[in-house]
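The values are calculated or read from the model by the stated rules, or taken from the named source; none is laboratory data. Quantities reported herein were computed from a predicted structural model and do not represent experimental measurements. Don't worry about glycine lacking a Cβ; one is built from the backbone with ideal geometry, like all the others, and counts go over all protein chains shown.
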Amino acid sequence: MKISSRFRSVAFAVIAATGVSLAGAAHADSGTIRFAVYKAAFFVGGSGGEGTLTFHGRHYPVSIGGISGGLAFGASKTYFQGAVRHIRRAGDVTGVYGAAGGGGAVGKGAQVIVMTNEKGAQLELSGRQVGLQINADISGMSITVK
């Protein structure tokens, strides 16, 4: 059975591309992050906070900032903790993260969120919220590793 040179070239290109993408993922690492975010909104809202990224046994301070727009009102404080995946260095966590959704909490509530930045860093966070916050909005969050 004879295989055409065109088919062999395409097959080789697919295998090479797959190998390159797997090699990149294999070198990525993960860490943990904890931070608190204060949020206040009346249709347009703002948020800010700070926390700590732990990566390769070192602790890095992080600052959080963000805006939201849509049907939102109230004030709250949310404590987040979770994993940061697909990073090669601490600075990969710096970036803009976006999420669309809805939810709310009166008093104490729980939140779970997964977000990715432009560098491919993925946050898998769980949190608990204190305060009154009702939202059906599109939110953005910026994280900076100091």
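Here is a check on your reading of the model: is A121 farther than 22 Å from V84 by Cβ and either modelled with pLDDT of 90 or more or crowded, with 18+ Cβ neighbours inside 10 Å (or both)?
Against the criterion (farther than 22 Å from V84 by Cβ and either modelled with pLDDT of 90 or more or crowded, with 18+ Cβ neighbours inside 10 Å (or both)), A121 does not qualify.
What's the number of the condition K108 fails, among (1) buried (at least 19 other Cβ atoms within 10 Å of the Cβ); (2) among the charged types (D, E, K, R); (3) at pLDDT below 75?
Of the numbered conditions (1) buried (at least 19 other Cβ atoms within 10 Å of the Cβ); (2) among the charged types (D, E, K, R); (3) at pLDDT below 75, the odd one out for K108 is (1).
If you go through the range 14-31 one residue at a time, do you hit one that is surrounded by 10 or more Cβ atoms within 10 Å (Cβ to Cβ), at pLDDT 85 or above and touching a helix residue (DSSP H, G or I) at 6+ places or on another chain (Cβ under 7 Å)?
No; the residues of the range 14-31 include none that is surrounded by 10 or more Cβ atoms within 10 Å (Cβ to Cβ), at pLDDT 85 or above and touching a helix residue (DSSP H, G or I) at 6+ places or on another chain (Cβ under 7 Å).
What's the total number of residues in the range 54-78 that are surrounded by 15 or more Cβ atoms within 10 Å (Cβ to Cβ), modelled with pLDDT under 95 and touching an Asp or Glu at 6+ places or on another chain (Cβ under 8 Å)?
Result for the range 54-78: 4.
Among (1) surrounded by 14 or more Cβ atoms within 10 Å (Cβ to Cβ); (2) closer than 16 Å to S142 by Cα; (3) at pLDDT below 85, which single condition is A100 missing?
For A100, the failing item is (1).
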